[in-house]
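Working notes, beginning with the structure itself.
The values are calculated or read from the model by the stated rules, or taken from the named source; none is laboratory data. Predicted model only: the values in this text are computed from it and were never measured. Every residue, glycine as well, gets a Cβ built from its backbone with ideal geometry; the counts of neighbours run over all protein chains shown.
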Amino acid sequence: MGSSSSNPHPELRDRTTWEVFEREVQHEPQQIVGDLLNAEISEKQARSIKYQMTIAKLPLAKEVDEFSFEDTPVNETLVRDLAGGEFLEHQRNIVLIRGTGTGKSHVAVSIARACIRRGKRGRFFNVVDLVNKLDAEARADR
């Protein structure tokens, strides 16, 4: 393989390799800036998701895939559809009603987390806290 007389790096004897190296060096600043911008955008999105998870007041970190749908009356298809967040586009809320230990919190938290990751906002309330909040707001209006 011949060497180029303009090649300041004799270890890169292959002209094609040198040309590729030269092109990469020429575009390196743009690539670096692009990489930094992409990293900044990713970091900003991660901070936003973390913040939204915090203000959602989720009592635990659960995911839809962690829920055992077997031997429960919970409709897996419906839960997975709700986790897609389309109900939010129609300005709808979700209220889960079942007995103690049936997975309501797990399902609610997992749906909220999935929606927050898609850039939406959510808020978790248990019924006692919600009733107390509504009662306090009603008293404030009197």
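Given the criteria part of a helix (DSSP H, G or I), touching a Phe, Trp or Tyr at 6+ places or on another chain (Cβ under 9 Å) and modelled with pLDDT of 95 or more, does S105 qualify? Don't jump to the end; show me each part of the working.
Values: part of a helix (DSSP H, G or I): yes; touching a Phe, Trp or Tyr at 6+ places or on another chain (Cβ under 9 Å): yes; modelled with pLDDT of 95 or more: no.
Taking the combined requirement at face value, the residue does not satisfy it.
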(Q) Being in contact (Cβ under 8 Å) with a residue 40 or more places away in the chain and either touching a strand residue (DSSP E or B) at 6+ places or on another chain (Cβ under 8 Å) or not acidic (D, E) (or both): is that true of V127 here? (A) no
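Mind telling me which of the residues A140, A61 ends up being loosely packed, with under 11 Cβ neighbours inside 10 Å, at pLDDT 90 or above and part of a loop (DSSP other than H, G, I, E, B)?
Working: A140 fails: part of a loop (DSSP other than H, G, I, E, B).
Matching residue, one of A140, A61: A61.
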Q: Determine whether T72 is of a type in the set (S, T, N, Q), surrounded by 10 or more Cβ atoms within 10 Å (Cβ to Cβ) and in a loop (DSSP other than H, G, I, E, B).
A: yes
**Q.** Number of the exception - I116 against (1) in contact with a Phe, Trp or Tyr (Cβ under 8 Å, 6 or more places away or on another chain); (2) hydrophobic (A, V, I, L, M, F, W, C); (3) surrounded by 15 or more Cβ atoms within 10 Å (Cβ to Cβ)
**A.** (1)
